[in-house]
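Student: Let me give you the structure first, and then I'll get to my questions.
The values are calculated or read from the model by the stated rules, or taken from the named source; none is laboratory data. Please read these numbers as outputs of a predicted model, since none were measured by experiment. Note: ideal-geometry Cβ built from the backbone for every residue, glycine included; neighbour counts use all protein chains shown. These area figures cover heavy atoms from the full protein model, side chains too; ligands, DNA and RNA do not enter into them. Shrake-Rupley method; radii C 1.70, N 1.55, O 1.52, S 1.80 Å.
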Amino acid sequence: MSKQVSLMTSPENGRPRRSTGIARTRGDGMRSCVACGEAKPMESLLRAMMDVEGHLVVDVRRRGAGRGLHLCCRKSCIETAFRKRRLGKGGRIPDQEATPAGLIGQVVRQLQARINFLLALSQKSGRIASGAMAVEGSLDSGDTRFVIIASDVSPGSLEKLRAKPRALGIPVYFLALTREELGKLLGKGERAAGAVRNGSLAEALELDLCRLMALAGP
């Protein structure tokens, strides 16, 4: 996978849809960003914490023990948290080598790995259709949550691949995976595109795609 921070452009059909499983009230999973103060469902926020050696780490999968701080998945909020020294006790950042760029790099690597895992799992579970004809069939079935497109698709093929999702109001995400890389991830030959079917895997995958997309913004 490319080392670019920006892995996809914005969905072509408006704002990404929210997962129906995300809580809406503070008493039911809401947390506040330590940088901007905005309260959001905790699944959409980054969780930062200190590891046993005193290093600042991001727990994207939310599996780490102990207390953590929450941040919007935005470059501006990460930079603000560092500038205002809100990532450590008493206004101090314990890991003196930590930087906004370093923290963003951690998040990008973790999200890339998780997206790859979820794509492979979607393939094994039969929840993704790959290849131009299979994608079109999935779109016709009405069971497609979103479409992903490889980074090295030709302009002519790209226009064909995104025309139908655009007409149906289905989001399209452009990955920094080549056709060969996407196909290998799915256990196939080269794949230009994939249609991810509705379900819990699609919700988890889209959430991570949107978090990565937001991180690449201002």
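Student: Looking only at the stretch 186-218, which residues are among the aliphatic types (A, V, I, L, M) and over 17 Å from the mean Cα position of the chain (by Cα)?
Tutor: In the first step, residues of the stretch 186-218 are kept if they are among the aliphatic types (A, V, I, L, M); the result is 186, 192-193, 195-196, 201-202, 204-205, 207, 209, 212-216.
If the condition is that a residue be among the aliphatic types (A, V, I, L, M) and over 17 Å from the mean Cα position of the chain (by Cα), then Leu186, Ala192, Ala193 are the ones that fit.
Student: Hey, another quick one. Any chance the stretch 101-120 includes a residue that's open to solvent by 30 Å² or more (accessible area, probe 1.4 Å) and touching a residue at least 60 places away in the same chain (Cβ under 8 Å)? Show your work before the answer.
Tutor: From the stretch 101-120, those open to solvent by 30 Å² or more (accessible area, probe 1.4 Å) are 101-102, 106, 109-110, 113-114, 116-117; that's our starting set.
If we keep only those that are touching a residue at least 60 places away in the same chain (Cβ under 8 Å) as well, we get 114, 116.
Scanning the stretch 101-120, I find at least one residue that is open to solvent by 30 Å² or more (accessible area, probe 1.4 Å) and touching a residue at least 60 places away in the same chain (Cβ under 8 Å), so the answer is yes.
Student: Looking only at helices (runs of 4 or more DSSP H) that lie completely in the stretch 116-218, which have at least 2 residues being of a type in the set (Gly, Ala, Ser) and touching an Asp or Glu at 6+ places or on another chain (Cβ under 8 Å)? Show your work before the answer.
Tutor: Values: elements: 132-141, 155-168, 179-185, 200-215.
Where helices (runs of 4 or more DSSP H) fall fully within the stretch 116-218, none carries at least 2 residues being of a type in the set (Gly, Ala, Ser) and touching an Asp or Glu at 6+ places or on another chain (Cβ under 8 Å).
Student: Please find, within the stretch 58-77, the residue that is modelled with the lowest pLDDT out of those that are among the hydrophobic types (A, V, I, L, M, F, W, C) and open to solvent by less than 40 Å² (accessible area, probe 1.4 Å). Write out each step before concluding.
Tutor: Going through the stretch 58-77, the residues among the hydrophobic types (A, V, I, L, M, F, W, C) turn out to be 58, 60, 65, 69, 71-73, 77.
If we keep only those that are open to solvent by less than 40 Å² (accessible area, probe 1.4 Å) too, we end up with 58, 60, 71-73, 77.
On the way: Val58: 84, Val60: 81, Leu71: 92, Cys72: 92, Cys73: 90, Cys77: 93.
Top of the filtered list is Val60.
Student: Tally the residues that are modelled with pLDDT of 80 or more and open to solvent by less than 30 Å² (accessible area, probe 1.4 Å), restricting the search to the stretch 78-88. Steps first, please.
Tutor: So the first thing to find is which residues in the stretch 78-88 are modelled with pLDDT of 80 or more, and the list is 78-87.
This time we only want the ones that are open to solvent by less than 30 Å² (accessible area, probe 1.4 Å), so: 78, 80-82, 87.
Here the count works out to 5.
Student: Looking at the stretch 89-100, is at least one residue at pLDDT 90 or above and either of a type in the set (Phe, Trp, Tyr) or not in a helix (DSSP H, G or I) (or both)? Give the steps one after another, and end with the answer.
Tutor: Going residue by residue through the stretch 89-100, those that are at pLDDT 90 or above are none.
The answer is no; no qualifying residue exists.
Student: For the stretch 145-169, how many residues are open to solvent by less than 20 Å² (accessible area, probe 1.4 Å) and either under 17 Å from the mean Cα position of the chain (by Cα) or under 12 Å from Ser130 (Cα atoms) (or both)?
Tutor: Within the stretch 145-169, residues that are open to solvent by less than 20 Å² (accessible area, probe 1.4 Å) and either under 17 Å from the mean Cα position of the chain (by Cα) or under 12 Å from Ser130 (Cα atoms) (or both) number 5.
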